[in-house]
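Some notes on the structure that comes next.
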Amino acid sequence: MPKVLRFEHAYPASADRLFQLVIDLDTLDAVTKPWVQFHHLPSGPVHEGQVIDVALSVLGIFPVRPYRMRVVLCDAEARRMRSEEDGMGIHRLTHELQVKPGRDGAILYDRVEIDAGWITPLVAAWAWVIYRWRHHIRLRLLRENQEGGA
């Protein structure tokens with residue numbers, strides 16, 4: 001049975017700036033280390049219709065395995081993105097995100113639906129750690145970018 005995770009994180013940045021950060025593949029690589037290591041990840045922002053074939057290694061100690069991400073929606077005006085993903089034992093992972101203006105910046109809403117058969121609870125626990133980790137790294141990246149631009 002699939003498992004659904006939901007996250008809501010506030011950031012001290014405009015909604016447009018935050019959306020550009022979260023759809024950038026260079027940022028994806030930065031916010032997933034050391035938990036997940038990407039191989040053959042392209043650079044730059046994702047776009048609707050894009051298919052991204054990569055290889056992943058969990059913690060850099062497990063064997064590198066193929067993983068596919070399909071960007072089925074990327075709407076900069078609505079600040080929404082949805083990807084459908086599979087590989088590494090995951091039958092289907094759907095990641096939906098939306099960025100909305102918040103009181104002191106912007107709020108990122110993530111919804112992750114995971115179907116990995118009998119290992120779904122384990123994959124969901126792993127995803128919970130990674131998505132919470134991403135928040136802290138994004139905060140740091142936004143801070144560094146602001147300090148570098150000042």
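The values are calculated or read from the model by the stated rules, or taken from the named source; none is laboratory data. In this text the structure is predicted, and so the values were computed from the model without any measurement. Cβ atoms come from the backbone with ideal geometry, glycine included; neighbour counts cover every protein chain shown. What goes into the accessible areas is simple: the full protein's heavy atoms, side chains included, and nothing from ligands, DNA or RNA. Shrake-Rupley method; radii C 1.70, N 1.55, O 1.52, S 1.80 Å.
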**Message:** Can you say whether Thr120 is surrounded by 15 or more Cβ atoms within 10 Å (Cβ to Cβ) and not in a helix (DSSP H, G or I), as far as the supplied structure shows?
**Reply:** no
**Prompt:** Which condition does Tyr109 not pass, out of (1) open to solvent by less than 40 Å² (accessible area, probe 1.4 Å); (2) touching a residue at least 40 places away in the same chain (Cβ under 8 Å), if it passes all the others?
**Reply:** (1)
**Prompt:** If you go through the range 86-98 one residue at a time, do you hit one that is open to solvent by 20 Å² or more (accessible area, probe 1.4 Å) and in contact (Cβ under 8 Å) with a residue 60 or more places away in the chain?
**Reply:** yes
**Fill in**
Scanning the range 40-64 for residues that are in contact with a strand residue (DSSP E or B) (Cβ under 6 Å, 6 or more places away or on another chain) and not β-branched (Val, Ile, Thr) gives His40, Leu41, Pro45, His47, Glu48, Gln50, Asp53, Ala55, Leu56, Ser57, Gly60
**Fill in**
Residue hits (the range 9-63; within 15 Å of the chain's Cα centre (by Cα) and basic (Lys, Arg)) are Lys33
**Fill in**
Those residues of the range 93-107 that are part of a strand (DSSP E or B) and either modelled with pLDDT under 95 or over 19 Å from Glu48 (Cβ atoms) (or both) come to a total of 6
**Message:** Against the condition modelled with pLDDT of 90 or more, farther than 21 Å from Thr120 by Cα and among the acidic types (Asp, Glu), how does Asp24 come out, does it pass?
**Reply:** yes
**Prompt:** Can you spot a residue in the range 134-148 that is modelled with pLDDT under 95, small (Gly, Ala, Ser) and over 19 Å from the mean Cα position of the chain (by Cα)?
**Reply:** yes
**Request:** Go through the range 75-85 and give me each residue that's part of a strand (DSSP E or B), more than 18 Å from Val36 (Cα to Cα) and not charged (D, E, K, R).
**Result:** Met81
**Asked** How about the range 22-74: which of its residues are in a strand (DSSP E or B) and in contact with an Asp or Glu (Cβ under 8 Å, 6 or more places away or on another chain)?
**Response** Phe38, Pro45, Pro66, Tyr67, Arg68, Met69, Arg70, Val71, Val72, Leu73, Cys74
**Request:** Please find, among Pro66, Pro42, Pro2, the residue that is in contact (Cβ under 8 Å) with a residue 12 or more places away in the chain and open to solvent by 70 Å² or more (accessible area, probe 1.4 Å).
**Result:** Pro66
